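Asker: Sharing a structure with you now.
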């Protein structure tokens, strides 16, 4: 028995020989190795380090080191518990660096997986967690990331909520700004590349085919509060569109949209971050009756977590695409301009006609003899022209004369006759209700001779 014990001790000593001295052994009381000495075994065997009769460190012959597990799959593979049912909350790795002195960058954990032969590959740190992959807090920045392809790449999977069947939120990145003069939850900046995107967010049709019926209610961005931007551009290239048609009846449709003043129920729905005070805008239900494609069903995300202050219940509501009404306003302005142009053309025509009649009147006045009496007789243009229902013809007679005012159609057929007599300026109202639309000639004859004639238009 003693021989077996001795042989076991000798075997252990042989496995833990120091360096180049065949007789040197690793002493429990302390050692003074040289630069050429090593600790370990020289056989093709794994090394186990135990405490309390339990393997705590396992060094495989491949060089992989396991802490808390006996089958390491990486150069350093650490388990928070040794694969047993007994679990605890002790961190698997805790890295702490304290630096006293002037300002200097120090790192609790440094990981580098960059490769220069194949850019775009290599992950510096990969973390998975039931609640969060990485939980970061810092005096200034929670995360500082730089990478050949991604500075930080995060994904999350939703967890079923058995009480409501709506599911917990799945946050790729959950960033909360701390206290200070300026607090920024997420700060993104890009530069130096051929194409630079400070922040890229995608959701919906890129990753799921269930958005056509609004089932998933996808939003690439969801903001609670005011949004400030220097410029905003939207997809509008003709090559991205099909079935392009002019928008019709914009004025009529726009007149059915009601603009309202209101105040939001901010206290009733605090999870939505609604603005306070008097507002001016649209009501989604009214907008939906006129422009249904500008209204969407939306659901605010349900937020759960350890911090009760950040928890938010889900709310369903209707949202309006305010920018979508701008093209309608432009179309309505164009329609209004066409109406104004038509009115202007009609007004200008009437002004020209009035100016012509004024000129005729002036000419008649210059021909007067005595008390508004002309030597021959003359006609003025009928008013209104075109006529619809009735029109008035003004004419001038020589002194103590008798004449006839006649109206004929384009074929020369006589359709109206009025006997006139007296002296000076007179008027006749012609009833055109029974006449067909078209061009007519009216003439003034004195003593059987035509003194003047003009053309009038009749419209229905």
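Taken together, the values in this text are just the output of simple stated rules run on the coordinates, not laboratory data. Here the structure is a predicted model, which is why all the values come from computation and not from measurement. Positions of Cβ are generated from backbone atoms using ideal geometry, with glycine treated the same way; all protein chains shown enter the neighbour counts.
Asker: Per residue and in cubic angstrom, what volume does the convex hull of the Cα atoms of the range 249-299 have?
Answerer: 85 Å³
Asker: Using only alpha carbon positions, build the gyration tensor of the range 399-460, then give the equivalent ellipsoid semi-axes as the square roots of 5 times its eigenvalues, largest first, whole angstrom. Before the final figure, lay out each step's value.
Answerer: Numbers: eigenvalues 104, 30, 16 Å².
In descending order, the three semi-axes are 23, 12, 9 Å.
Asker: Next up: Using the number of other C-beta atoms within 10 angstrom as an exposure proxy, rank 459, 183 with the fewest first. Present the calculation step by step, with values, prior to reporting the outcome.
Answerer: Working: 459 12, 183 9.
With the sparsest Cβ surroundings first, the list reads 183, 459.
Asker: Further, regarding this structure: Which of the peptides 43-53, 394-404, 290-300, 268-278 is most tightly packed, and how do the rest follow, going by the mean number of other Cβ atoms within 10 Å of each residue?
Answerer: 394-404, 290-300, 268-278, 43-53
Asker: With a cut-off of 13 Å, note down the residues of the range 237-262 whose backbone N falls inside the zone around a label point 7 Å from the Cα of residue 338 toward its beta carbon.
Answerer: Under 13 Å, as judged by backbone N against the label point of residue 338, lie 246-252 of the range 237-262.
Asker: Between residue 350 and residue 109, what is the spin-label point distance in nm, taking each point 7 Å from the Cα along the Cα→C-beta axis?
Answerer: 8.3 nm
Asker: Further, regarding this structure: So how do 260-267, 55-62 stack up, highest first, on mean other-Cβ count within 10 Å?
Answerer: Ranking the peptides 260-267, 55-62 by packing returns 55-62, 260-267.
Asker: What value does the range 215-360 have for Rg/Rh, both radii from Cα atoms and Rh as Kirkwood defines it?
Answerer: For the range 215-360, the value is 1.18.
Asker: Give the share of C-alpha pairs in each 5 angstrom bin for the range 227-312, from 0 to the last occupied bin, in whole percents, shortest bins first.
Answerer: Reading upward from the zero bin: 2, 9, 11, 15, 18, 18, 12, 8, 5, 2, 1.
Asker: Taking the mean number of other Cβ atoms within 10 Å as a proxy for protection, how do you rank 315-322, 379-386, 442-449, 32-39 from highest to lowest?
Answerer: Numbers: 315-322: 12.9, 379-386: 18.8, 442-449: 15.9, 32-39: 10.2.
Per-residue Cβ counts within 10 Å, averaged per peptide and sorted highest first, yield 379-386, 442-449, 315-322, 32-39.
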